[in-house]
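So the structure is just underneath, and the comments pick up after that.
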2 protein chains.
Amino acid sequence: MAVSIDDLCGEYVREHRADIRIKKEAVAVRNVRAIVSAALKLSCRKGFDAMSLRDLSRESGLSMGALYSYFSSKEELLVLIQSLGRKAVERILRSHIEGESEPRARLRVAVRTHLYLSELLKDWFYFFFMEARRLEDRFRSAAMQSELLTEGIIIDILDEGIRAGVFHELNSALAGSVIKAMMQDWYLKRWKYARRRISVDEYADFVISVVEAFAMEPAMV
Amino acid sequence: MAVSIDDLCGEYVREHRADIRIKKEAVAVRNVRAIVSAALKLSCRKGFDAMSLRDLSRESGLSMGALYSYFSSKEELLVLIQSLGRKAVERILRSHIEGESEPRARLRVAVRTHLYLSELLKDWFYFFFMEARRLEDRFRSAAMQSELLTEGIIIDILDEGIRAGVFHELNSALAGSVIKAMMQDWYLKRWKYARRRISVDEYADFVISVVEAFAMEPAMV
DNA sequence: GTCTATAGTGCGATAGAC
DNA sequence: GTCTATCGCACTATAGAC
């Protein structure tokens, strides 16, 4: 699963060559990386609003003026980080789940992949959640669609499993919601799980066991 | 369960008579109510940072100057809302659970009471979660303690039930975490459940069914 | 491309009239 | 008690030197 801040920033620069004033790709990627990395770090501490561009300038090592070569307003920077990361996450999540066909295995892979991905990109996921309401309407609805999309993947798997008789009759919409809630807790309460020395694998195993206890026919557990 | 914004604000005024410059209690309660109510409304839309005191002045109907008769800085207003609401919530939650003694009933009451309370005080709960990281260290650690306290209530009930043989052997700390996560989803994703016309009762029943499927011995489900 | 310096804005907070 | 008026400051954003 080759995905990191570097990869995502490289992808962004190549897709937005026209909007960025910097000609050398290597320079652009390096600086975008520094900016996004610094912005995530500072925002996750105190929030995007509380982060001033002076803070961002200091943390990223670029001057105020240089920052504006990469985005044209603070709002645009917010949208950049949100949409860039989200698109990448959706793509990766989908590609991993497609490998499995049997519902029970698909459900396990979906939960585990989501947790691994959110572990790898903790700051991004936290940022998506906490800063989504600061977006303008058109971008916020994209964020809501994204919440529903991830959940929809889970719901589809559950419905498939019910039809196949692997899972018993259950409210798949509500089940999808609470499964998503459990997965989100991993990156929303990092401090708690870190303090208790719970690994992402332990957490994944536990969530899967809860989900299966509820969804599986007793005879198959 | 007599608890509302009015009750909490009245309680605050009586406890902080010394700090508030207004002499008439009736006036003070009315204005504190207007301020807190407006602050919650505005903060839950765009965040506490994004809410200016001019916005708050407009929404509450008090002038900038008048606002400063009730708090001495924006930071103090944040702490006021956080600590006031949180203390009240903890007290109410504890008092309701004490009524039950049998582990299974206690668990059901704990989940249901928490959900009802978060329904009644949606804005407060949302505010606690989203604005906690803006607090100074000493206040933020109080917020973290509160997260652990609510979760601790659940964990204690689970441990009791395991000892009594009502629940099977399970990792009660992890179970407490994910139960808390499911309960929190109710007020963190209000837009989603409202859109789907899910009532708090439906949600409570569902969460309880998930928890019991996992925690109960198969024979007792 | 990146810098420094600064323009222009809106903020939190306060003083003083009523 | 509450208001209006205003202060000083920190912010976003930009202009112009290098």
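The values are calculated or read from the model by the stated rules, or taken from the named source; none is laboratory data. Predicted model, so just to flag it, every value in this text is computed and none were measured. In this analysis, Cβ positions are derived from the backbone assuming ideal geometry, glycine residues included, and neighbour counts consider all displayed protein chains.
Key figures for this structure:
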item	result
Any hit, the stretch A:76-88, residues being farther than 23 Å from A:Lys122 by Cβ and surrounded by fewer than 14 Cβ atoms within 10 Å (Cβ to Cβ)	yes
Pairs where the first residue, in the stretch A:3-21, is loosely packed, with under 15 Cβ neighbours inside 10 Å and the second is outside any helix (DSSP H, G or I) and of a type in the set (S, T, N, Q), C-beta under 7 Å, 6+ apart	A:Arg21/A:Ser69
Within the stretch A:26-114, helices (runs of 4 or more DSSP H) holding 3 or more residues that are of a type in the set (A, V, I, L, M), within 20 Å of A:Glu151 (Cβ to Cβ) and away from DNA strand C (no atom under 11 Å from the Cβ)	A:74-97
Check on A:Ser72, more than 12 Å from the chain's Cα centre (by Cα) and assigned by TED's automatic domain parsing to the domain that holds A:Leu56	yes
Any hit, the stretch A:151-158, residues being surrounded by fewer than 17 Cβ atoms within 10 Å (Cβ to Cβ), in contact (Cβ under 8 Å) with a residue 24 or more places away in the chain and over 13 Å from the mean Cα position of the chain (by Cα)	yes
Residue match in the stretch A:41-53 (condition: within 9 Å of DNA strand D (Cβ to nearest atom), more than 25 Å from B:Met51 (Cβ to Cβ) and surrounded by 14 or more Cβ atoms within 10 Å (Cβ to Cβ))	no
Restricting the stretch B:4-21 to residues that are among the aliphatic types (A, V, I, L, M) and more than 26 Å from B:Tyr116 (Cα to Cα), the residue that is nearest to the chain's Cα centre (by Cα)	B:Ile20
A:Ile35 vs. criteria crowded, with 18+ Cβ neighbours inside 10 Å, more than 14 Å from every other protein chain (Cβ to nearest Cβ) and within 16 Å of DNA strand D (Cβ to nearest atom)	yes
